[in-house]
Every structure is written in structure tokens, then in C-alpha cells.
1. Filter the stretch 90-106 for residues that are over 16 Å from N25 (Cα atoms), crowded, with 21+ Cβ neighbours inside 10 Å and of a type in the set (A, V, I, L, M) and give the result.
2. Mind checking which residues of the stretch 109-162 are touching a His at 6+ places or on another chain (Cβ under 9 Å) and without any contact (Cβ under 8 Å) to a residue 12 or more places away in the chain?
3. Might you let me know whether the stretch 53-69 holds any residue that is within 27 Å of L15 (Cα to Cα), within 17 Å of the chain's Cα centre (by Cα), at pLDDT 95 or above and of a type in the set (A, V, I, L, M)?
4. Looking at R140, R145, R135, R160, which is the one that is basic (K, R), modelled with pLDDT under 90, in contact with a strand residue (DSSP E or B) (Cβ under 9 Å, 6 or more places away or on another chain) and under 24 Å from N110 (Cα atoms)?
5. Which condition from (1) surrounded by fewer than 14 Cβ atoms within 10 Å (Cβ to Cβ); (2) in contact with a His (Cβ under 7 Å, 6 or more places away or on another chain) is the one that N43 breaks?
6. Restricting to the stretch 191-226, give me the number of residues that are modelled with pLDDT of 70 or more, of a type in the set (A, V, I, L, M, F, W, C) and over 28 Å from A31 (Cα atoms).
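The values are calculated or read from the model by the stated rules, or taken from the named source; none is laboratory data. Treat the numbers as computed from the prediction; the structure is a model and nothing was measured. Glycine gets a Cβ as well: all are built from the backbone with ideal geometry, and neighbour counts include every protein chain shown.
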Amino acid sequence: MTNEIAENNDGIPSLTITIVVPAYNEQDHIADTIRQILSGIPNSVADYELIIIDDGSSDSTGDIIRAFTDPRIRCIVNERNIGKGAALISGFRQARMEWVLFTDADLQINISNLESFLKQVDGNDLICGFRQRRRDPIMRLVISRIYTAVIHAVLGFHLRDLGCPFKLIRKSLLDECQLQSRGFFIDTELIYAAFTKGLRIKELGVACQPRQKGRSTVRLRHVFEMVRELLELQHRW
């Protein structure tokens, strides 16, 4: 596969990016997230769009998103909560740029990490972040390590941080992955599809800060949902 990407004077490829952000009851900081993204896009990016999925929020998340008048911001509204994976897939389908970056709305991973990712696009198809000095609650860290160990054993691939919410992938290849996960398993499904299709995958460390506002929506039941989706993935492939 050929890969001809123009470079700017700093040697960073000049390309176009769709940033996809799922949001569920994020009224406390969604405005800060949008401003941070808009102000943090590297100058090397030729064009971009920001797609935010209001995934059935019961607070003012959707109203805050729609209050922004920048034409590059697009809001997808789900009348009910359909899950992180399903929300992301709806955003992926509407992406119009060459590359797709997806991240969370909680401000834990700053958009400034994107610049180092852009330096790696030549020769790679999927760039996955792994959180350095992760500062989440102990129980969440324990569950994450157990889950990662299970995935490594069952699916046979090894990445340090499967669920890191900061990944950059070519749009054309993302379309080929035909993702189906409705929940938090979406990251694992994408990586597995990429390995299976022989895509070129790169891992990069990203700075991770504690959640600044709002509350995490991750619950213990999501672990069982991911196990169920793992079994479904094995059956499909």
C-alpha cells in the first residue's frame, strides 16, 4: 500500500483528521473539552472536524455542544444511551477526513499528545496510546490488568494498554474493520481486527492526568459485558 503524505517544514506530515468523542452526561466539562481540542490541534493538520456523540445524556451535555457555532463541530444526538462502542461507530461512519482520532470527553488525555502521533503516521496504520503513570482508582487499575491478561491469553496479541482512549487510525482501514461492539469492548475489537488484517500498529506513551470533573461511567457490570462481547468476537472470527 502506498502512502504519500505531504510534510510541513517541521517534518510532520500534513493531513486531515476527524476527532470523534463520545459523551454521556458530561455537562461539567464538555465545553472545556471542546475548547481544549480546538486550541490544541497542531498547525501541521491541514483540515479537521470534531464529531461529538451525545449518547442519550439526561443532563445539558447536548445543549452545551450545540451552543458552539464553529462549523467544524458536528453533534450526533442519540435519543437513548446506546453504549460507548455503538456511539463511536456512529461517529466513525460520518467521519470525512483521512485519519480518525478517537478519545474520551473527560480531559484525562490532552490533545497535545496528537502531535507525537502525527510524526508516526508514515509507515503505520493504527497508533495506540498507552497511559504513562496512570492515576485511576486502585480497583479500576486491578480490573484493567486482569482484563488485559485475559485478552492477551485468549486473542494472542500483546499491547500494553488495550483500553487507552487515544487512538489514531486511517479512515479507509477503519471502514474495513466492520466493528460491532456496543460497549467498552470497542478498543479491543478494533485492535484485534487490525492484527487480523495485518495492519501496521504502533504504540506511543501518553501523559494521563486524573479526571478533573464529573464522574466515570465505568461500572463492574461493564466487565461482564466485555467478557460477553469477547465470546461473541471469537464466534464471529
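1. A95, V100, L101 - these are the residues of the stretch 90-106 that are over 16 Å from N25 (Cα atoms), crowded, with 21+ Cβ neighbours inside 10 Å and of a type in the set (A, V, I, L, M).
2. Residues satisfying the conditions are H152, H158.
3. yes
4. One residue alone meets the criteria, R160.
5. N43 satisfies every listed condition except (2).
6. 6
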